[in-house]
C-alpha cells in the first residue's frame with residue numbers, strides 16, 4: 001500500500017469513513033536526525049519467569065502447544081521476540097504465586113536439575129541464541145541466614161551460593177548468565193555487592209554484569225559516594241519507576257533500567273500500559289530496558305496476580321492458551337530493533353507529542369536501519385497497575401523529517417495497532433500496513449488516540465500464527481498421580497508449592513522406587529510480611545472444587561522429619577495468603593500423637609481431634625482420606641474412620657486440594673487420588 005506525503009491514513013484505518021481535516025489537528029514537526037550524534041544504547045525488552053512460579057504449568061503442556069507458546073515468547077520475528085529473559089534463582093519459599101526450588105536446600109544438598117528455569121532458559125536460547133539471561137533471587141534457603149532472616153549474615157556463603165548458580169548454569173546447562181541481581185525489592189548490602197563482583201571476576205565470570213538493586217533508585221546515592229561500588233555495579237535497575245529516574249540515578253552515568261515493569265492484567269488495557277511504558281521510559285527517564293513481570297500466566301487463575309503474564313497458558317490438561325495483547329505490543333519494538341542499537345536523543349527523534357503521547361527512534365550501529373515507534377495511548381483507558389500521571393490525548397498530525405544518515409530513506413514499513421475500548425468494539429492489533437513512501441525526506445501522519453505505530457526500514461516483521469489451540473476445559477477428575485513418572489529432583493507437574501519444596505526423590509524401599517518429598521529442613525528467608533510462612537503447603541486443582549475426596553499415602557521419616565503432615569480440601573487461597581487460608585485441614589501430628597480436623601491452615605478452629613493408634617508412627621506409611629460433601633466431612637486413617645461429622649458452619653465452601661507438613665522437615669507422599677464425592 002502506498003501512502004503519500006500528507007495522508008490521513010491512520011484516521012481512515014481507525015475509523016472507516018471518517019476523514020479528519022487538518023484544521024481539527026494541531027500540526028507539529030519532528031526531526032529524526034543523527035547529525036548531533038545518538039543517545040543511549042538500547043539494552044532490550046524482556047520478561048520475567050518466576051517471582052514466583054509463574055511458568056509452572058507450561059512445562060506439562062502437550063508438546064505441540066508448548067512449542068507454539070515458546071515461539072510466541074522467544075522466536076525472532078514471530079511474536080514477542082523477547083531480547084532478555086530474567087529468571088528467579090529459586091529460594092525454597094513463597095515469592096508471589098508459589099515456590100521455586102533452590103539449587104542448594106542446604107550447604108551440602110546441591111543439584112542443578114531442580115526447577116524449570118534451566119529448561120526455560122534453554123528453550124529461549126534454542127529459539128534466539130542472542131537472548132540475554134538475567135538471574136535474581138526473591139527468597140533464600142534458611143541456612144544462609146545463620147539463624148536470622150538476613151541473607152547477608154554470612155556474606156561469603158551468599159557469594160558462594162549465587163556464584164555457584166552462575167557456575168552451574170555454565171557447566172551443567174551451557175548457559176551464560178549475562179546479568180545478576182541482588183535481592184528482589186528488599187535491602188541491598190554494599191560489601192556483599194563488592195564481594196560478589198570480585199568473586200565473579202576471579203572465577204571467570206567478568207562478563208556477568210551486576211544489576212542493582214531491583215527495588216528503588218536509592219542505591220544511586222551510594223554509587224555516587226563509593227567508587228568501588230560504582231566499579232562493581234554496571235546497571236541501575238528499578239521496579240515500576242513510572243518511566244522516571246531520580247537525579248542521582250542520572251548523575252551516575254550508569255545504564256538505567258526498569259528491571260521490573262508492567263504487572264498489569266493482560267487485556268487491552270494491560271497491552272496499552274505496556275506500550276506506554278516502553279516508549280515513555282526513554283522519553284521521560286533515559287531508561288534503556290524494560291522487563292515485564294511476568295513472562296507467562298502459567299499458574300492457577302485463583303492465585304495472586306492472575307493474568308499478569310504477556311500471554312496465558314494455564315491449562316496443560318487441555319492445551320488451551322491465549323496470545324494476549326502485550327505479546328504484540330512487545331513486537332512493535334523487539335521485531336524491529338536489536339540490543340546494541342541506539343536511541344536518537346531527545347529533540348532529534350525521541351520526545352513527547354504536543355497533545356501527549358510519545359515517540360522514540362532507534363538506529364542500528366551502522367545507521368543503516370531506522371525504527372520509529374509512536375504511542376498515543378490514553379492512560380484513562382490503559383492504566384498501569386501502579387499510579388502514573390493521568391492526561392488526555394487527542395488526534396494530532398505530525399510531520400517527521402528524516403535527516404542525517406536517514407535523509408535518503410525512501411520508504412518505511414508500517415505496523416499499526418488501534419485499541420477500541422468501547423464495549424464490543426473491534427481492535428486492530430499489530431497489523432502490517434505496507435510501505436509508507438517518503439517524499440522529499442518527510443511524511444505526515446494523523447495519529448488518533450489509543451494507537452501504536454511502528455515505522456521501520458526493517459522488513460522482517462511478522463505476526464506469527466498457529467492453528468487455534470484446543471478449547472479450554474476444567475482440571476480433570478478423577479485425578480491420580482503416583483509420583484513415579486518424574487525425574488529425580490523434579491516437581492510434580494500440577495502441584496504448586498506455596499511454601500517449602502516438594503521434589504521427587506529416589507527410594508530404596510522395595511516396591512516404591514520414588515517418593516514425593518518435602519525437602520526444606522528449616523524456615524527459609526521469606527519475604528511474606530508481616531508474618532512468615534510457618535509450614536510447607538502445596539496446592540493442586542481447581543479453586544472451584546467443593547465436594548471432593550482426597551486420598552494419599554504418607555510417611556514422616558524419624559530422621560530430619562517434620563512433626564506431622566496434612567491433607568486438605570477447599571483451601572481458600574494461595575500466595576502469602578495461604579498462611580491465612582481456610583478450608584478443611586486433616587492433620588496427622590506424630591510428635592503429639594494425635595489427629596486434627598481444622599477449618600484453617602493456622603489450626604485456630606478445630607472441628608475434631610483424637611489420639612493416634614500405636615500402628616501410626618514415624619517411618620510408617622499411612623493412608624489418609626478426606627471426604628467433603630456440603631457440611632458433611634469424613635476422615636480416615638488406614639481405611640478406618642477417625643471422624644465423621646456434619647459442620648454447623650462451612651467456613652470455606654470451595655477451594656484447592658492441598659498437602660503439606662506441620663513444620664519444616666521431611667515428609668514423603670505417594671499415590672495421590674482426587675475425585676468428586
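The values are calculated or read from the model by the stated rules, or taken from the named source; none is laboratory data. The shown structure was predicted, so the numbers you read here are calculated from the model rather than taken from an experiment. Here the Cβ positions follow ideal geometry from the backbone for every residue, glycine too, while neighbour counts run over all protein chains shown.
Some notes on this structure:
Matching residues to (1) part of a loop (DSSP other than H, G, I, E, B); (2) surrounded by 24 or more Cβ atoms within 10 Å (Cβ to Cβ):
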| site | (1), (2) |
| --- | --- |
| 307 | yes, no |
| 329 | no, yes |
| 338 | yes, no |
| 355 | yes, no |
| 362 | no, yes |
| 378 | yes, no |
| 386 | yes, no |
| 389 | yes, no |
| 397 | no, no |
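- Look at the range 281-295: where a residue is in contact (Cβ under 8 Å) with a residue 60 or more places away in the chain and a partner is surrounded by fewer than 21 Cβ atoms within 10 Å (Cβ to Cβ) and in a helix (DSSP H, G or I), sitting 6+ places away or on another chain with Cβ atoms under 8 Å, you get 286/250.
- Flag if residue 608 is assigned by TED's automatic domain parsing to the domain that holds residue 568, part of a strand (DSSP E or B) and in contact (Cβ under 8 Å) with a residue 60 or more places away in the chain: no
- For residue 469, the requirement of being crowded, with 18+ Cβ neighbours inside 10 Å and part of a loop (DSSP other than H, G, I, E, B) is met.
- Take the conditions (1) free of Cβ contacts under 8 Å to residues at least 40 places away in the same chain; (2) part of a strand (DSSP E or B); residue 648 misses just one of them, which is (2).
- Members of the range 31-82 that are under 15 Å from the mean Cα position of the chain (by Cα), at pLDDT 95 or above, part of a loop (DSSP other than H, G, I, E, B) and at negative phi: 54, 55, 80, 82
- Taking the range 481-596 and the strands (runs of 3 or more DSSP E) fully enclosed by it, the elements with 1 or more residues that are modelled with pLDDT of 95 or more, in contact with a helix residue (DSSP H, G or I) (Cβ under 8 Å, 6 or more places away or on another chain) and surrounded by 22 or more Cβ atoms within 10 Å (Cβ to Cβ) are at 496-499, 537-540, 564-571.
- Looking across the range 143-152, the residues that are in a helix (DSSP H, G or I), surrounded by fewer than 24 Cβ atoms within 10 Å (Cβ to Cβ) and touching a strand residue (DSSP E or B) at 6+ places or on another chain (Cβ under 9 Å) come down to 143, 145.
- Of note, residue 136 does not satisfy the criterion of being over 24 Å from the mean Cα position of the chain (by Cα) and either at pLDDT 95 or above or closer than 29 Å to residue 490 by Cβ (or both).
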